[in-house]
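Okay, structure first, notes after.
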Amino acid sequence: MYRALWQDDRPVVIKEARHLCGLDADGIDAPARLRHEFQVLQRLAPHRVAPQPIDLLETPEGTFLVMGFLEGMTLYQEMARFHPLSGHGSSRMSHAEFSRWRQDTMESLKDLIQILSECGIVHGDLHPANLIHVGNDLFATDFESSSIDGVSVSTGLTALPFRSDKDACDLEAVAHIHALLLDPTSGPVLTRRPELRSFVTRAALEDITMTAPPAPDMMPHLEHLCTELADGIRASATPSRTDRLFPSDPYLFQHPGAELGLMHGAAGVLAALSATGHEIDPDHVSWLTNRLSSQPILLPGLADGVEGIALGLSMCGEGDLSAQLLDRTGVLDSSSQTPIDPSLGTGLAGRAAALQTLSRRLSSDRLAQAASTLWERLATVIRDADGPLPNGLFTGWEGVGLAVLSSPLPDRHHLANIALELALSTTVTIDGALISEAGGVQWPYLGQGPIACGPLAEALGDAGTVASVARTCRSPLTESSGLLLGRSGLLVVLRQLIGDDNAAVQRHMMRLAWSITGDGTTSHMLGLHGLRFSSDVATGSAGALLTLSDHPWKNIAKILGILGDRCHEDLMTIGSVATPWAPED
């Protein structure tokens, strides 16, 4: 697609189709679809419901459709800008304004489809990105999958769930668009589970009008759902593969060792099952230990590195292998020479917390000494800190503060308060909600955003910050369902701050359950952006399992080694009595 000026200086769009490219399931190439689209535009030209066709150019390189440029916004863009629950921008509408806009838009859409039908056209792929408002007029674009008098040239290149059969009308897509106007984030759910459309519509209307909690028929049974998630996690494992054990996010293929780590890998999934009291398959533990025996490339760190893997091993009953891993990778010897990275995910805070936890579980004075060295270095970094870090549990000062509270440092509360102040310095409060702004985007999440400040502020008695974070976490609209960048993170923090007896908590639980689907025997959760199933902690089922468990924040802190301000004792010393590991209180 190109924007250009035509011979008479009119702004136009040029759509290119190269020969023998863009083949669909039937082998139809892109030029055939483009010629068909030109015919559709010619038939619709008198009616002002589609771009004006200007020319169809055939060249040796390909076919080019020239059509009039539509100066406006797509419905997709308008939903993001206008929805009263979508953010805190100046273009956000009031509930009443949005209701009028939505009703006007739906009427315009029905009028448009009526004109298409009278012209013998079925669009076949109507969705918010193919509908453009120019002033008050609504236009449809992208007619490659359409039919003329029941005849089309291509199928299968449409966006589910907006596809219409060539002999049907586009009214089914209208119902999906109506649901999306109410809840712009429901697309992935409706694609997988179109039967939920009435529930999505009903819940969104209740959210917008701020009415009662969800009805009992819309609420999941948490114990059953957790059991289904645990069963689905085990069923999703593929021990025959060497690149990963559980389905995860593509992130793991870009970071050495992430397929084994806590957030995106096997260690975290197995630790989540253990922390929530569910069975671990011994074959899955064997896969992890066998992969580690091949000495893969591993980096230091809690989130996806050596210390996190060691924590996961210790929760699977593999304490000896955990200690061997730390020795073999040399992280203990290098603990005093690592670069100054204070973060929980890759730096001093996470590594110190992991080694301290492991020193207790494994009764190791060497681990205790390594942890002590890291804690002291971290304390110095905090006292001397003069700059911000990107907000987020694993990247920001809030994660550092949570780790410090679990340390035996005598001034841990003072250091945690400094960390909280540093974390809040990069946030803004809008309409009472605490938000991070980065790259022009407002971030409310646990992994990218300020909501990890909530549990830290709660521990330090900062009621104002707790209230602001709780307000942030009440937002019903999220891009994904995962722990770090989605609904699970909002829910786990909200449950920690205000408990379960709250309408916002219950609505999050309801919506999170919508993202969990299966084949009738096992259940799996849609990962980042709802594009694929994931079982990991960061984006998938293991994170949801922790979130929906009886004590979600405690369970997450347990697998991260930051289980609250309870370390008043000295670090372990030589001669301590060895005791088998048991879940911390």
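Bear in mind that the values in this text are calculations on the coordinates, not laboratory data. Source: prediction; values computed, not measured. Glycine gets a Cβ as well: all are built from the backbone with ideal geometry, and neighbour counts include every protein chain shown.
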Helix 487-498 sits off the longest principal axis of the Cα atoms of the chain, rounded to the nearest 10 on a 0 to 90 degree scale, by 50
When you count, for each residue, the other Cβ atoms within 10 Å and take the mean per peptide, how do 397-406, 322-331 rank with the highest first? 397-406, 322-331
Only Cα pairs under 8 Å and at least 6 apart count here; give the relative contact order of segment 2-209 as a rounded whole percent. 19
Output the 0 to 90 degree angle, nearest 10, between the alpha-carbon long axis of helix 171-182 and the longest principal axis computed from the alpha carbons of the chain. 40
Once M106 and R383 are pulled to full extension, the length gained, defined as 0.36 nm per residue separation minus their Cα-Cα distance, is 94.0 nm
Local charge sum around A538 (other residues, Cβ-Cβ under 13 Å, Lys/Arg +1, Asp/Glu -1)? -4
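Assuming R0 = 25 Å, what is the FRET efficiency of R48 and S91, from their Cβ-Cβ distance, to the nearest 0.05?
E(calc), rounded to 0.05, equals 0.45.
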Hey, got the dipole for the chain? About the Cα centre, +1 on K and R Cβ, -1 on D and E Cβ, debye to the nearest 20? 380
Point-to-point label distance, V428-D55, nm (Cα→Cβ direction, 7 Å offset): 4.7
Please report Rg (one decimal) and Dmax (integer) in Å for the Cα set of segment 222-560. 18.7, 56
Peptides 35-41, 147-153, 125-131, 524-530: what's the order by average Cβ count within 10 Å, highest mean first? 524-530, 125-131, 35-41, 147-153
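Counting only Cα atoms, I'd like the Rg/Rh figure for segment 2-209, Kirkwood definition for Rh.
Here Rg/Rh amounts to 0.99.
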The ³J(HN,Hα) series, computed from each phi in segment 247-263 with the Karplus coefficients 6.51, -1.76 and 1.60 at θ = phi - 60°, rounded to the nearest Hz and given as x for glycine or proline, is x, 9, 8, x, 3, 5, 7, 9, 10, x, x, 5, 5, 9, x, 6, 7
For I430, distant residues with modelled amide H under 5 Å away: I435
Taking the simple approach of a point 7 Å from Cα along Cα-to-Cβ for both T238 and D501, what is their distance in nm? 4.7
Relative to the longest principal axis of the C-alpha atoms of the chain, give the angle of the C-alpha long axis of helix 30-44, reported between 0 and 90° and rounded to the nearest 10°. 50
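Can you give me the relative contact order of the chain as a percent, contacts being Cα pairs under 8 Å and 6 or more apart?
Values: 1117 pairs, mean separation 71.7, N = 585.
It rounds to 12 percent for the chain.
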